[in-house]
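The values are calculated or read from the model by the stated rules, or taken from the named source; none is laboratory data. Being a predicted model, the structure only gives us computed values, none of them experimental. Cβ sites come from the backbone with ideal geometry, for glycine too, and all protein chains shown count toward neighbours.
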Amino acid sequence: MKRTAIFGLALGLGLVTACGSGGDDEADGGGDDGGRADVTLVTHDSFLVSDEVLARFEEETGHHVEVLRSGDAGVVVNQAVLSRGNPQGDVLFGVDNTLLSRALDEDVFVPYEAAGLDAIPADLRLDAENRVTPVDTGDICVNYDRAWFAEEGLTPPETFADLADPAYRDLLVVQNAATSSPGLGFLLATVSTFGDDGWQDYWQRLADNGVEVVDGWEQAYNERFSGSGQGGDRPLVVSYASSPPAGVVYGGEERPDEAPTGVSTGTCFRQMEFAGLLEGAANPEGGRALLDFLIGRDFQEDMPLQMFVSPVLPDAALPEEYTRYGVTVDDPVTMDPAVIAEGRDGWIDEWTSLVLG
């Protein structure tokens, strides 16, 4: 892939053109046997893994991997629901805690206790039946363009309330909560912060303050955000706490004293990503081996500088660039998956009517 595409993929979980089943197998790290992949991983556009790490899995297990990227995480989950029992692949990676109940309620996955699951913290194992396996965590947060704010002599916002201040009028771009996982995470964070009776008024104030809504992360960050280096004019964007180190790693060989983008740590929502064996998988044996691999040390230690998310394996080593330029969010907003399941669709519908008209 082009360097700009890799930059876009690495920065966002929810978010560069999807590499469908007609994509280049070599670029996806996959091989085939008579033109057919041994095991197919269905995932979002942001999935990346080092060639050498994937090659070790293939050598050790004999299973070649085809990676089928199918858009934003929300789109991937919706497609899995629609193709239940006759899936596009064997394993789905990328369903997060905002969408988990939808996939579980629709019986998209079959149970499997992955090798090494007992080492993963219990608070990340959200399904008692092990239909999904936790793979990574990350924090959805507003990012800001340091240079823009320095040039304007304006202090970057720190909290949700700050974003509605007229001082930040026409500066923020967010993703559509109905189509984008970071967009949905940001909506859930505002519901949790302002409550059932207050979040609507907050979003009205954001709308009155010129918030821009786009379909997905890639468009928001790479096209509209001024800090991406792609010519955007919005210095505030919903992204991730780990986006700053990604900008450094893919921004060139020179390592600056600090990342060119910052994080408004009072706007963060904790996201967890899961993978599961799909009901009706053509290669369930290969799928189970792939799930073992996703929580194994090789993949977990490769992931931070590939997808810029944090491993769930507690003793996985973190690269220096990831910790140096990343931000630790001590108190992110969280929401119980049962609460998300009960309110999500209603909140999305109400948000759509309020913000998009």
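Going through segment 281-317 one residue at a time, which ones are more than 23 Å from Tyr112 (Cβ to Cβ) and in a helix (DSSP H, G or I)? Residues satisfying the conditions are Pro304, Leu305. Scanning segment 127-154 for residues that are more than 15 Å from the chain's Cα centre (by Cα), of a type outside the set (Gly, Ala, Ser) and closer than 30 Å to Leu290 by Cβ gives Asp127, Glu129, Asn130, Arg131, Val132, Thr133.
Take Thr193 and decide whether it is in a helix (DSSP H, G or I), polar (S, T, N, Q), buried (at least 16 other Cβ atoms within 10 Å of the Cβ) and modelled with pLDDT of 95 or more. It would help to see each step written out before you state the result.
Numbers: in a helix (DSSP H, G or I): yes; polar (S, T, N, Q): yes; buried (at least 16 other Cβ atoms within 10 Å of the Cβ): yes; modelled with pLDDT of 95 or more: yes.
In short, yes.
One line per residue, one yes/no per condition, for (1) in a helix (DSSP H, G or I); (2) over 19 Å from Ala189 (Cβ atoms); (3) within 18 Å of the chain's Cα centre (by Cα):
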| position | (1), (2), (3) |
| --- | --- |
| Glu218 | yes, yes, yes |
| Asn222 | yes, yes, yes |
| Gln230 | no, yes, no |
| Val238 | no, no, yes |
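Residue pairs whose Cβ atoms lie under 9 Å apart, sitting 6 or more positions apart in sequence or on different chains, and linking a residue in segment 198-212 that is at positive phi and in the same structural domain as Leu236 (by TED's automatic domain parsing) to a partner that is surrounded by 15 or more Cβ atoms within 10 Å (Cβ to Cβ) and among the aliphatic types (A, V, I, L, M), are Gly210/Leu171; Gly210/Leu172. Can we say Asp28 is touching a Cys at 6+ places or on another chain (Cβ under 9 Å) and modelled with pLDDT under 90? Spelling it out, Asp28 is indeed touching a Cys at 6+ places or on another chain (Cβ under 9 Å) and modelled with pLDDT under 90. Taken over segment 318-357, the residue count meeting the criterion of being part of a helix (DSSP H, G or I) and hydrophobic (A, V, I, L, M, F, W, C) is 10. Within the option set Glu258, Glu254, being farther than 24 Å from Thr98 by Cα, touching a helix residue (DSSP H, G or I) at 6+ places or on another chain (Cβ under 8 Å) and outside any strand (DSSP E or B) holds for one residue only, Glu258.
Residue-level check: of (1) assigned to a strand (DSSP E or B); (2) of a type in the set (Gly, Ala, Ser); (3) over 25 Å from Gly229 (Cα atoms), Ala161 misses just (1).
Do any helices (runs of 4 or more DSSP H) entirely within segment 69-158 hold 3 or more residues that are surrounded by 17 or more Cβ atoms within 10 Å (Cβ to Cβ), modelled with pLDDT of 95 or more and assigned by TED's automatic domain parsing to the domain that holds Ser180, and if so, which?
Hits in segment 69-158: 146-152.
Leu277 falls short on exactly one of the conditions (1) surrounded by 20 or more Cβ atoms within 10 Å (Cβ to Cβ); (2) not assigned by TED's automatic domain parsing to the domain that holds Asn130, and that condition is (2).
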